[in-house]
Amino acid sequence: MEAVYIDKHISLLNECRQGSRNAQFEIYKLYSRAMFNISLRIVNHHAEAEDVLQEAFLEAFSRIHDFRQETTFGLWLKQIVINKSINCLRKRKLDLVPLNEVDLAEPEELDEENLQLQVESIKKAVSKLADGYRVVLTLYLFEGYDHQEIAEILGISENTSRSQYMRAKQKLKRLLDTKGEQDEHKT
C-alpha cells in the first residue's frame, strides 16, 4: 500500500478539485513565491521564470484530480515547476556535455560579518554560469536532488551530472575569486 500524505491545505485542494477559483487563488498565493524562486534559479531569466510559474500553476490546476497525495502538494507542484523550467531551457538548446571529474578545494569558512555580501556575490556568480552548470548546481545544492535524480530529470548520465556539478563548482569558485581580486584592487 502506498503512503498517503495529509496536506495541511487539504481543504483548499479539495475546493480546487471542485473548480473553486478562490481556492486556486489562495493556493497560488501560498506557493507562488517559492515556486518562482525555484524557476528563476534554473532558467536565470525573470520573464521566463514568470512564464514557467504561470504554466506550472495552469497544469497543476488542470491536473489537480491526478494529485493522489503520495507526496505533499508543494512537492508535487515543485516537480512540475522544475520540469517546466528544464523544458524552457531545452527550448534554448540546453547543452550538457560529459566532462572529466575535477578535484576541487574545500570552500573557506564564511565570516559572519560579510555573509550578506558573500551571498549576493554568490547569487550573481551563479547567474553567470552556463545553463547546464547552473541547472545541475541548483538542483543539487538548492533543491536537494541527488545525481541519480538529476540524471533522470535531465535525461543525462549520472556521471555527466557529477561532472557538470564539479565543473560548476570550479567555475563558480573562479568567478568568486575574480570578484574578490577586483574588490581588492578597488580598495
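Please treat every number below as a calculation from the coordinates, not as lab data. From a predicted model like this one, the values you see are computed outputs, not experimental measurements. Heads up, the Cβs are rebuilt from the backbone with ideal geometry, glycines too, and the neighbour counts pull from every protein chain shown.
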* Quick one: order Thr138, Thr178 by neighbouring beta-carbon count within 10 Å, fewest to most. => Thr178, Thr138
* **All-pairs Cα distance distribution in the range 10-91, expressed in whole percent, bin size 5 Å** => 3, 17, 29, 24, 16, 9, 4, 0
* Asked: How do His65, His45, His147 rank when sorted from fewest to most other Cβ atoms within 10 Å of their own Cβ?
  -> His65, His45, His147
* trypsin sites (Lys or Arg not before Pro) restricted to the range 35-92 and DSSP loop, no more than 13 other C-beta within 10 Å -> Arg63, Arg68, Arg92
* By counting other Cβ atoms within 10 Å of each Cβ, how are Leu53, Leu141 ranked from fewest to most? -> Leu141, Leu53
* Asked: Put +1 on the Cβ of each Lys and Arg and -1 on the Cβ of each Asp and Glu in the range 10-91; which of Cys88, Leu13, Ala47 then has its Cα farthest toward the positive end of the dipole?
  -> Cys88
